[in-house]
Amino acid sequence: MLLQDPKLLESKMVTKRRWVEVRQAAGFDEAAMTSWHRKFEEMEPEEHQKFLESLGIDQQEIQAIRKL
């Protein structure tokens, strides 16, 4: 699984755009994506930060996502 292999995340093989496309293809709407981020932040805040960084998202946007 992607999230369990830090080497894949560190290599930035998945971009923010691609991650959004994958979730949309899986049926996630905007509310579901927000809920996913909230739960990730609640359960694993440090890993959520690392994950967002691995997608190449800038710190300002990461802060906004983590406050959802």
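The values are calculated or read from the model by the stated rules, or taken from the named source; none is laboratory data. Keep in mind that what you see is a predicted model, and the values were worked out from it rather than measured. Note that we place each Cβ from the backbone using ideal geometry, even for glycine, and neighbour counts take in every protein chain shown. Heavy atoms of the whole protein, side chains included, go into the accessibility calculation; ligands, DNA and RNA do not. Shrake-Rupley method; radii C 1.70, N 1.55, O 1.52, S 1.80 Å.
With the requirement that a residue be surrounded by 13 or more Cβ atoms within 10 Å (Cβ to Cβ), without any contact (Cβ under 8 Å) to a residue 24 or more places away in the chain and assigned to a helix (DSSP H, G or I), what does region 33-46 give you? Answer for region 33-46, where residues must be surrounded by 13 or more Cβ atoms within 10 Å (Cβ to Cβ), without any contact (Cβ under 8 Å) to a residue 24 or more places away in the chain and assigned to a helix (DSSP H, G or I): Met33, Ser35, Trp36, Phe40.
Could you tell me which numbered condition Lys12 fails, if it satisfies all but one of (1) among the charged types (D, E, K, R); (2) loosely packed, with under 13 Cβ neighbours inside 10 Å; (3) modelled with pLDDT under 95; (4) part of a helix (DSSP H, G or I)? Result: Lys12 fails condition (4) only. Residues in region 47-60 that are open to solvent by less than 60 Å² (accessible area, probe 1.4 Å) and either acidic (Asp, Glu) or not in a helix (DSSP H, G or I) (or both): Leu55, Gly56, Ile57.
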